[in-house]
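Here the structure is laid out as structure tokens; the discussion comes afterwards.
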Amino acid sequence: MNIHQLSVSYDERQDRLQLKLNTQDGQEFRFWLTRRMAIRLMPAMEQSIVRLEAAQPDMTATDASTQHMLTEIKRDAFLQTADFSTPYSAQPQQLPLGDEPLLITDAQLSLQPHGALQIIFQKKTAEVTQSCQLNLQAPLVHGMIHLIHQCMGKAEWALAPPSTAQHPEAAADTPLTAQVYKH
């Protein structure tokens, strides 16, 4: 899946964030993030991006605080060059998950050997489990974190600003269960 754009918006009536991804081949994936899920997901994503950036060949930091600092520098550099002005293209040719956004009840994050963060979003009910697997490179992870934080602020959901260094030691081996960004 070659992601072309990301969009995160707050739906006040639903009191949820809607995450949309469209691909270069015309597919659109839609997800609902509840406040509870977003608050649980963000620290895991922030820890994961530090680990993902630390695994890059050009990263030479060995201690957690230096890794965090370099990740913040990379995030700032990304935000300076990211395209947040191009309108989200909302004309999908295909909706592989259906017309309604997938309500995320579980998320699993894992670093991949080829330098990506794999995120598996799941909707689990008593009858069925539906899932979608995303493999995101560091710039897309930075973009997603940024957009979700922006929308959480607009929604007035309490969450501290991005701070992957609050507990960097927790990132080591812990299992980790707006606008538009154009890639």
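The values are calculated or read from the model by the stated rules, or taken from the named source; none is laboratory data. Keep in mind that what you see is a predicted model, and the values were worked out from it rather than measured. Counting neighbours? That spans all protein chains shown, and the Cβs are built from the backbone with ideal geometry, glycine included.
Total residues in segment 8-50 satisfying the condition of being closer than 18 Å to G98 by Cβ and not charged (D, E, K, R): the figure is 12.
H183 - would you say it is over 16 Å from A38 (Cβ atoms), of a type outside the set (S, T, Y) and at pLDDT 70 or above? When the stated conditions are applied, H183 does not pass them.
A single entry from R40, R30 fulfils the requirement of being assigned to a helix (DSSP H, G or I) and of a type in the set (K, R): R40.
Summed over segment 121-137, the residues that are surrounded by 14 or more Cβ atoms within 10 Å (Cβ to Cβ) and in contact with a Ser or Thr (Cβ under 9 Å, 6 or more places away or on another chain) give a count of 3. Filter segment 104-161 for residues that are acidic (D, E) and over 20 Å from Y10 (Cβ atoms); which is modelled with the highest pLDDT? The extreme case among them is D106. Residues in segment 53-64 that are surrounded by 10 or more Cβ atoms within 10 Å (Cβ to Cβ) and either assigned to a loop (DSSP other than H, G, I, E, B) or at pLDDT 80 or above (or both): E53, A54, A55, Q56, M59, T60, A61.
Of the residues that make up segment 95-102, is at least one surrounded by 13 or more Cβ atoms within 10 Å (Cβ to Cβ), modelled with pLDDT of 85 or more, within 16 Å of M144 (Cα to Cα) and of a type in the set (A, V, I, L, M)? No, there is no match, as no residue in segment 95-102 is surrounded by 13 or more Cβ atoms within 10 Å (Cβ to Cβ), modelled with pLDDT of 85 or more, within 16 Å of M144 (Cα to Cα) and of a type in the set (A, V, I, L, M). Cβ separations smaller than 6 Å between residues 6+ apart or across chains give the following pairs from segment 136-156 residues that are under 15 Å from M42 (Cα atoms) to residues that are basic (K, R) and assigned to a helix (DSSP H, G or I): H142/R75.
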